[in-house]
Structure formats: C-alpha cells, structure tokens
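Please read the structure below before turning to the comments.
The values are calculated or read from the model by the stated rules, or taken from the named source; none is laboratory data. Bear in mind that the values here come from a model prediction, so they are computed numbers and not experimental data. We place every Cβ from the backbone using ideal geometry, glycine too, and count neighbours over all the protein chains shown. The area values use the complete protein model at the heavy-atom level, side chains included, leaving out ligands, DNA and RNA. Shrake-Rupley method; radii C 1.70, N 1.55, O 1.52, S 1.80 Å.
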Amino acid sequence: SEQGQIVAESWQWLTERYGFVSLGAWIVMPDHMHGILLLDRADDQQSKPLGQLIGAFKVTSTKRINARAETPAVRFWQRDFYEHSIRT
C-alpha cells in the first residue's frame with residue numbers, strides 16, 4: 001500500500017539520519033511492523049536512546065502519510081512500542 005511504502009521509506013531513513021543506526025531484518029505488515037535496529041554505541045556523544053529513534057520514525061512517517069492523504073494531525077501509530085534487546 002502507499003502507506004506501507006511510506007513506512008518502509010521512513011524506517012530506512014533512520015540509517016540516513018543517524019549514522020550509528022543500521023537495520024537488521026524488518027517487515028511492514030498490514031497493520032503494524034516488526035524491525036531490528038542495530039545500534040553502534042561506540043560514540044555515545046552521537047547516540048540516542050531507542051525510544052527517541054522510534055519516536056523520530058513515528059513522527060516522520062506520520063507526517064508524510066498525513067501530508068499525502070491531506071489529513072493533518074491524524075494519529076497513525078499506537079502510543080507505545082514493544083522493545084526487546086538482543087544482546088548476542
């Protein structure tokens with residue numbers, strides 16, 4: 001879908017905007033998405049917490065979706081997200 005394409009582009013945008021972020025496996029589903037972010041914490045000065053990264057993704061994708069649909073300020077994502085750290 002058009003919204004799914006915007007979500008995918010916004011997810012990939014994270015790597016362009018934040019040099020310490022790489023993408024692992026990810027998939028956009030009809031009503032949600034799953035994704036793995038790989039964070040290089042070598043330079044903590046440039047690093048951001050996971051919640052801020054997800055927030056940036058949600059804001060960016062929502063603004064683009066609303067601009068395309070001419071629906072300003074319509075909520076697209078649920079408030080929270082499920083987080084699980086993969087350490088190995």
For P(r) over Cα pairs in 10 Å bins from 0, in percent, one of (1) 15, 50, 28, 6, 0; (2) 14, 43, 34, 10, 0; (3) 17, 46, 30, 8, 0 was computed from the structure I shared and the rest are decoys. Which label?
(1)
Contact order normalised by residue count of the chain, Cα under 8 Å, 6+ apart, percent:
23 percent
Accessible-area composition of the stretch 1-72, carbon plus sulfur, in percent [1.4 Å probe]
51 percent
Compute the long axis of helix 2-17 from its Cα atoms, compare it with the longest principal axis of the Cα atoms of the chain, and write down the angle in degrees, 0 to 90, nearest 10.
30 degrees
As a check on your grasp of the helix formula, calculate [θ] at 222 nm for the chain: sum -39500 (n - 2.57) over DSSP H runs of n ≥ 4, divide by the residue count, round to the nearest 500.
-14000 deg cm²/dmol
Treating the angle as unsigned and between 0 and 90°, give the value, to the nearest 10°, between the Cα long axis of helix 50-69 and the longest Cα principal axis of the chain.
20 degrees
If you roll a 1.4 Å probe over the heavy atoms of the protein chains, what accessible area per residue do you get for the chain, in Å²?
74 Å²
So how much slack lies between residue 25 and residue 68, counting 0.36 nm per residue of separation and subtracting their Cα-Cα distance, in nm?
12.8 nm
Run the simple label-point estimate for residue 75 and residue 13 please: 7 Å along Cα→C-beta, distance reported in nm.
2.1 nm
